[in-house]
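What follows draws every value from the coordinates through simple rules; no lab data is involved. Only a predicted model underlies this, so the values are computations on that prediction, with no experimental measurement involved. All Cβ positions, even for glycine, are placed from backbone atoms using ideal geometry, and neighbour counts span all protein chains on display.
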C-alpha cells in the first residue's frame, strides 16, 4: 500500500487559488469553521485521502455502513472564485506521517493551482475566554499587515511558540514551494469544543477572503454552549450552597 | 525481508466466493467461531502468512518444535461451495502494519475469487450478557436487509462507533475493490473468552451463508464457561456470608 | 543508510557448518557461553554488523576510543571443523528490526555454508535455581532425540511458550531455509548474570557438538557469584538477627 | 518526501577541513559553544537540513513568521582556514532517524572536504561542578595525545560509557569513512543551561584548533548564571532560617 492514497471523484479542471485547512485540533476550532464554511458555501466533495498513517479503523455511520478513516477535499464557488477545503476526522498518528501527509496535501494544492493556504486551528490557553482573540502566524513576512488589517493578532509571536501538525507543516513546507500560508488560531480553553472561538476566527477569515458568510448557525451553537456552561456552573454553585447548609 | 510473506501449500485453482476472517479480538468471539467452523467443515490449511508486523517470536508446540508466528488460510467445501478462512494468533503490532496486512489479505482474496468477506469479532459491553445480540456493520448499504433477515442487529449504528484492526480494514479497504464486507460482532463482556457469544454469532452467520452447522461443541464450551462463572459467583457469595457471620 | 551493514575483515572462503548465536538476553546465559567458547576455541573476529535498528550510540573503551554499537562474527577451528559465532552487546530496538536483522543473519549463515544453528539463551524462572536444567526447542522434529541424548530437556514444551527475539527468529525463519535450529536455554532466576546456568548449558552444547571444552573459567565465575550471593544472604540474616535483638 | 532534505544557499566551492557539531544536548553545552563560535568567527549560514525525523512542527519567530524545524550549516574563515558548523534546535525523534541523519551529515562533510569533526556536548554528573573538566573520546587512538595536550581529560574512559545521538554517531560512523572524530563533553549538572561548562569546553577546543577566541560573552553569561544560582541558594537559606524561627 502506498503511504497516502488520493482519489478524486471528479476530474474536471480545477483552478482554486485558495485552500482552507480545518483538520481536528485544540477545541476543534479549525474544524468547526471549515465545516461551517463548506455548508454555507455549498461545498461539494471532490476527493478522499486515506493513509496508513491514519488510525487503522473504520467509522460506522447511522445506517451501519462503514467508512474508511480519511480526510476529504471539498470545493465551492464564491463570487466566481474557487475555494478548496481540506477537512476530516484525524491527523497522522506518527511524526513521520505528519510530514508525508503534509507534502502530499501540498502536491494536491499545487496541482489545483493553490497560491494561498489558510490553516485554521485553536490556541489553547487553559481557561475560558470571554472575547477570544484570533492569534496568527504567516510563512512570509509580507503577509502580516494584511492579516492584522483583517483583525488577526500577532501578540503570541516571540515567545518561542510552535505550531504542531498539519497546520504548522503546511506553512513550513509550503513556504519552500512559494505557497503563501496564514495560520489563524482562535483562543480557546482547550477543554471544550468551542464554537464561540470559531465564530471569532470566521470573522477574521471572512475579512481576509473578502467574502460575507452567514454566522447564524455557528453563533447558535456558541449560544447553546454558553448556556450549557452556565447551567453547569449554576448546578455546581447550588451544590456548593447545599453542602454549606449541611454544615450551617 | 518483504513486509508480508505468503506461502501456499497447494496451488490448484481455487475459486472461493466467501472469506471468513476470525483473527483474535475482544472475547476471542470471532476466533472461536472461525475455528469451530474450520473444524466442522473439515477445513484444510492451504497457506501461511508471516510478517515483520507480527511480534518477533516463535511459538513452541507440545513436541518442543518452534513455529514462526503467522496467520493461516484454510479452505473447506460445503454444498459445492468453497469457503476460505483467515485465522491466527496475532494481529499487527503497529498501525501501519494493520493497513499493510489488510491490503495483502485483500490481494489474496481477490486472487482466489472472493466476492464477500465475513469479518467476525466481539463487541465489548463491560458486563456479562444473558442473551448476546450480534451487532453488525456492512461496507455497502444494500447488504443490510440480508443481514437483518438473518438475525443481525444494527442497534449499535449511529453512535459514532469504530471498528479497529483487521475486521475494520477488510471492510473499509475491501469496499474500494468492490468486495462486499459484513462485520458480525457478538456482544460480550470483554473479560472472558466467550463461547456463548460465539454461539449466537454462529447462528447468524449460518443463516447468512445458508448452511447448517453443528453447534454442539461450542454450546458445550459455553455451558462449561457458564458453570465456571456460576461456581465463582457461588464461592464469592459463600465468602460474603462467612464474612457477615463474623460480624453477626 | 541500508538497514543492516555487514563488513567482513577477511574474505577467504569459509565453509562453516555450525553457527552459535549468543546475543544478550535473560541472565546473559547465552552470551556467557558464546564468549567463553570463543575464548577457549581461540576464535578470530571475521566480521561486524551494524544497523539502524540498534540503539543510536557508540561505546567508549578503556582508551577513550569510541566503537559503533554492533554485533560481531567470530570463527574458530576445532578438530578440523569451522564454527561461527554471532555475538554482541545489543539486539534490535524494534519489532521490525528483529525480523530484518534475523533474515540478514541467515543470509550470512547461508553464504558461509551453515547447516545448523545453536541459539543460546536463558530461561527465566523468577527464583534462584540449585541445578539449572537446559530447556530446549528445535525447529525440526527430527532434532529432538539428539538434543535429549545430550542432556537437553523438553519439559517446557506444551505450555504455549514463546521464544522472543534473535534466538526465536533464527529458528523460525531458518526452518523455511532448511537450516536446522536448536535453541538451548539455561534455567536462571532472571535477576543476575548467571555463569552457573551458563556452565550447565555449555555441558549440553559440548556433547551436542562432540567437542571437549575447558569449563574452568566459567566455573570460577560461577563459584565467585555463588560466594557473592552467600555473602549477601549472610549479611541479610545478620541484619535480621540484629533487628530481632532490638526487640528481644 | 525524502528522509532528509538539504538545501544550500550558496554553492561556491567549499573546502573546509573542520566541522564543529553543536546540536542540543545535556546542559546545552555543545550548542552554547558552537553558537558562541559562530558569532565570534562571524559565521555565515550556508545551508539548511530538514527531515521527517524531526518533530512535525514550525517555530514562530518574533515577527510571527513560521520556520520549519531544521538544522543549519554555517561556515566561517579564520586565519585562512574554513570551519563548518552544524547547529540547530532538535535532534532526531527516533532511533533510526539518528542513524539516517548522521549518515547524511557525514555525506555533506565528505562533500565539503571535512577531515576532522569536533562533536561538542555535555557530560551530566548530577550535581553542580565548581571547575568543570572537559571529558573526551576519540574515534581513532592516535588522536588522544593531541586532545590531552590541549587539556582534555580521558578520566571517563573505561567505565563502559556510551555517547548517544548525533555526537556519538558522527564519531562511530565517521570512523568507517576515515574522518577523524573528537568528542568534547563539558562536565555539567544536567539541571541547567551551563555557560560555565561551555567556557571550559571552549578553552580546550580553541587550543585544539590553534585559534584565539574572545570568551567575554560566554563568561558574562556564566557569571550571570552563577549569580542567579547564588540568589536562589540565599533565598532558600533565608526561608530555612525563617522556618526555624517559627519553631524557636
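Annotations
- Seen against the Cα atoms of chain B and their longest principal axis, helix B:166-176 is set at about 40 degrees.
- Distance between the 7 Å Cα→Cβ label points at residue B:234 and residue C:241: 5.3 nm.
- Cα centroid separation, the stretch A:126-150 to the stretch B:91-149: 46 Å.
- For chain A, modelled as a GNM whose springs connect Cα atoms under 10 angstrom apart, the maximal fluctuation among A:118, A:191, A:74 occurs at A:191.
- When the alpha carbon gyration tensor of the stretch A:135-204 is reduced to an equivalent ellipsoid, the three semi-axes, largest first, read 21, 15, 12 Å.
- By other beta-carbon atoms within 10 Å, ranking D:69, A:33 with the fewest at the front produces D:69, A:33.
- Kirkwood-Stokes translational diffusion coefficient of the stretch D:63-102, alpha-carbon pairs, 37 °C, 0.692 mPa s, µm²/s: 260
- Residues D:140, A:228 arranged by fewest to most Cβ contacts within 10 Å: A:228, D:140
- Helix axis angle, B:216-247 relative to chain B longest principal axis, alpha carbon, degrees: 30
- Here residue C:82 yields copy-to-copy label distances, from shortest upward, of 4.7, 4.7, 6.6 nm, the label point defined as 7 Å from Cα along Cα to C-beta.
- When C:217, C:153 are arranged by Cβ crowding within 10 Å, least crowded first, meaning fewest neighbours, the order is C:217, C:153.
- In chain C, Cα pairs under 8 Å separated by at least six residues give a relative contact order of 22 percent.
- Spin-label model, residue D:62 to residue D:227: label points 7 Å out along the Cα-to-beta-carbon direction sit 2.1 nm apart.
- Helix B:29-40 and the longest principal axis of the C-alpha atoms of chain B enclose an angle of approximately 70°.
- Computed over all pairs of different Cα atoms, the Kirkwood value for the hydrodynamic radius of the stretch D:22-142 is 16.1 Å.
- Plainly put, the tip 7 Å out from Cα toward Cβ on residue A:145 is 6.6, 6.6, 9.4 nm from that tip on each other copy, the closest given first.
- Copy-to-copy label separations for residue A:127, where each label sits 7 Å from Cα toward Cβ, in nm and ascending: 4.2, 4.2, 5.9
- Both the radius of gyration and Dmax for the protein assembly as shown are 33.5, 97 Å, in that order, over alpha-carbon atoms.
- Between B:95, B:16, B:222, the residue with the greatest mean-square fluctuation in the GNM of chain B (Cα pairs under 10 Å linked by springs) is B:95.
- Debye log10 I(q)/I(0) at q = 0.09, 0.11, 0.14 Å⁻¹ for the stretch D:4-214, Cα point scatterers: -0.32, -0.49, -0.81
- Projected area, mean over directions - the stretch D:155-248, Cα convex hull, nm²: 9.8
- Within 10 Å of the Cβ of each residue in A:45-52, the mean number of Cβ atoms contributed by other protein chains is 2.
- Bridge type composition, the protein assembly as shown - antiparallel percent by DSSP, nearest 5: 60
- Share, in percent, of DSSP beta bridges within the stretch C:92-248 that are antiparallel, nearest 5: 35
- Each helix, a run of at least 4 DSSP H residues, gives -39500 (n - 2.57); summed and divided by the residues of chain B, these come to -12500 deg cm²/dmol at 222 nm.
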